[in-house]
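Working notes, beginning with the structure itself.
The values are calculated or read from the model by the stated rules, or taken from the named source; none is laboratory data. This structure is a prediction, so every number in the text was calculated from the model and none was measured. Positions of Cβ are generated from backbone atoms using ideal geometry, with glycine treated the same way; all protein chains shown enter the neighbour counts. Remember, those area values only see protein heavy atoms, side chains included, never the ligands or the DNA or RNA. Shrake-Rupley method; radii C 1.70, N 1.55, O 1.52, S 1.80 Å.
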Amino acid sequence: MAEIIDGKKVSSEIRAEIKDRVVELNKTYGKVPGLAVVLVGDDAASAVYVRMKGKGCEEVGMNSYQHILPGSTSQDELLTLIDKLNNDSNVNGILVQLPLPKQIDEKSVINAIDPIKDVDGFHPVNVGKLVADDECFLPCTPHGCQILINRHVKDLKGKHLVVVGRSSIVGKPVANMMLQKNDQANCIVTVCHTAAKDISVYTKQADILVVAAGRAMTVTGDMVKDGVVVIDVGVNRITDPADSSKTKIVGDVDFDSVAPKAAAITPVPGGVGPMTIAMLLSNTVKAFEMQNR
C-alpha cells in the first residue's frame, strides 16, 4: 500500500516556519505582513475559502483585510478597490477570490493587481517570469504540489512527470515549474488533457502523476504503473456510494484502486488542499520582504 503524503503535516511545519519569520520581521520593521482578500458575491465555497485564509493569517501573526462585496458589484467598482489596495502600504498581498460574477472580466481584474502584490501568481508578469525561470510569486496550489513532490522524490532529474489537466491555475504552472533546470524540478514533463483519445497512454508512463482534471475519479488503478507518486489536486463532492442520502469529498484519482499500486499518494481531503493556503501565506511574507528592501 502507498505511503500517504500528509499535506496537513507538511503545511503545519511550513506555517510554523512562517510564524517565526513574521516575528522576526516585526522585530526588524515594526510591522507585519498584511493580506487583502476580496470576495464578490455569496458563493458558499468561496466564502469558506476566504474564512480559511483569514484564519491562516491570524495563526501566523499576519494582518488580514477582508473585503466582502455584493454580487451586484460592477467591474469599475472592483477595479477602484484594487487600485486602493495597490496603494495601501499596509497591504502586501492582494487576492481576489475566483470565480467572479458574470458582469466582471476576470482577466481585467487580475491584470489590475500590482505584480509585486500578486500573491496568487496569476498576473501575466508573474506568469512570464515563471516561464523564464526568474524570481516571481509561484501560484499557490502548484507550488504546494512541488513541495510535496520534493519531500517524497529525492532525485527528480529525468523523472517523467505527467500532468492531467491544462488549466492556467494548476496544470500549466505545474508543468512549467517542474521542467525548470533546478534541484526542485528538472523533470521530463508531459501534459495531457481532454483532447487525448486515451489519457492512459500517458498516465501509464508517469513516474510522478499530478492530476488536476476537474472530474471525480478520472484516473483509476489500471491507468498507472507500479511505484508511481500521485498528487491528486481534485476536490469533488459526490453521492456517497455507501449511503445515497449522504455526500463525500473525493479527488480526481480513484484512491482505492490507485493506492495499492502507488509508492506514495495524496489523500483527498488532507493532501494538496492545506498546502495551498500555506503557500499563500509564504507568498505574502515574500511580498512584504520585497516591498521593504
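Filtered by the rule that a residue be open to solvent by 50 Å² or more (accessible area, probe 1.4 Å) and closer than 24 Å to E106 by Cα, segment 168-183 gives S168, I169, K172. Say whether the condition of being open to solvent by 30 Å² or more (accessible area, probe 1.4 Å) and either of a type in the set (V, I, T) or within 18 Å of the chain's Cα centre (by Cα) (or both) is met by at least one residue in segment 281-289. Checking segment 281-289: at least one residue is open to solvent by 30 Å² or more (accessible area, probe 1.4 Å) and either of a type in the set (V, I, T) or within 18 Å of the chain's Cα centre (by Cα) (or both). Consider M275 carefully, then state whether it is within 23 Å of I169 (Cα to Cα), crowded, with 19+ Cβ neighbours inside 10 Å and touching a His at 6+ places or on another chain (Cβ under 7 Å). Here the answer is no, as M275 does not meet what is asked.
Criterion applied to V228, V153 was being touching a Lys or Arg at 6+ places or on another chain (Cβ under 8 Å), surrounded by fewer than 17 Cβ atoms within 10 Å (Cβ to Cβ) and under 22 Å from K8 (Cα atoms), and the one residue passing it is V153.
Taking segment 71-88 as the region of interest, how many residues are touching a strand residue (DSSP E or B) at 6+ places or on another chain (Cβ under 9 Å), open to solvent by 40 Å² or more (accessible area, probe 1.4 Å) and closer than 23 Å to L281 by Cα? Total meeting the criteria: 1. Taken over segment 98-137, residues that are surrounded by fewer than 14 Cβ atoms within 10 Å (Cβ to Cβ) and part of a loop (DSSP other than H, G, I, E, B) amount to 7.
On the stretch given as segment 212-225, residues that are hydroxyl-bearing (S, T, Y) and either touching a strand residue (DSSP E or B) at 6+ places or on another chain (Cβ under 6 Å) or open to solvent by less than 30 Å² (accessible area, probe 1.4 Å) (or both) total 1.
Of the residues A16, A36, the single one that is open to solvent by less than 80 Å² (accessible area, probe 1.4 Å) and in a helix (DSSP H, G or I) is A16.
Residues in segment 48-70 that are part of a helix (DSSP H, G or I) and in contact (Cβ under 8 Å) with a residue 12 or more places away in the chain: Y49, V50, M52, K53, G54, G56, C57, E59, V60. For segment 156-167, a tally of residues being on the phi > 0 side of the Ramachandran plot and either free of Cβ contacts under 8 Å to residues at least 40 places away in the same chain or open to solvent by 20 Å² or more (accessible area, probe 1.4 Å) (or both) returns 1. Within segment 220-244, restricting attention to residues that are of a type in the set (V, I, T) and closer than 18 Å to P142 by Cβ, the residue that is farthest from the chain's Cα centre (by Cα) is V229. Out of V164, V201, V170, one residue alone is farther than 23 Å from C136 by Cα and within 17 Å of the chain's Cα centre (by Cα). It is V164.
When restricted to residues that are under 21 Å from C140 (Cα atoms), of a type outside the set (G, A, S) and at pLDDT 95 or above, segment 8-54 contains 19.
Where strands (runs of 3 or more DSSP E) fall entirely within segment 192-250, those with at least 1 residues that are closer than 24 Å to G7 by Cβ and touching a Pro at 6+ places or on another chain (Cβ under 9 Å) are at 208-211, 229-232, 243-250. Checked against (1) polar (S, T, N, Q); (2) exposed (fewer than 14 other Cβ atoms within 10 Å of the Cβ); (3) closer than 18 Å to T190 by Cα, Q146 passes all but condition (2). Residues that are touching a strand residue (DSSP E or B) at 6+ places or on another chain (Cβ under 9 Å) and among the β-branched types (V, I, T) within segment 261-284 comprise I265, T266, V268, V272, T284, listed in sequence order.
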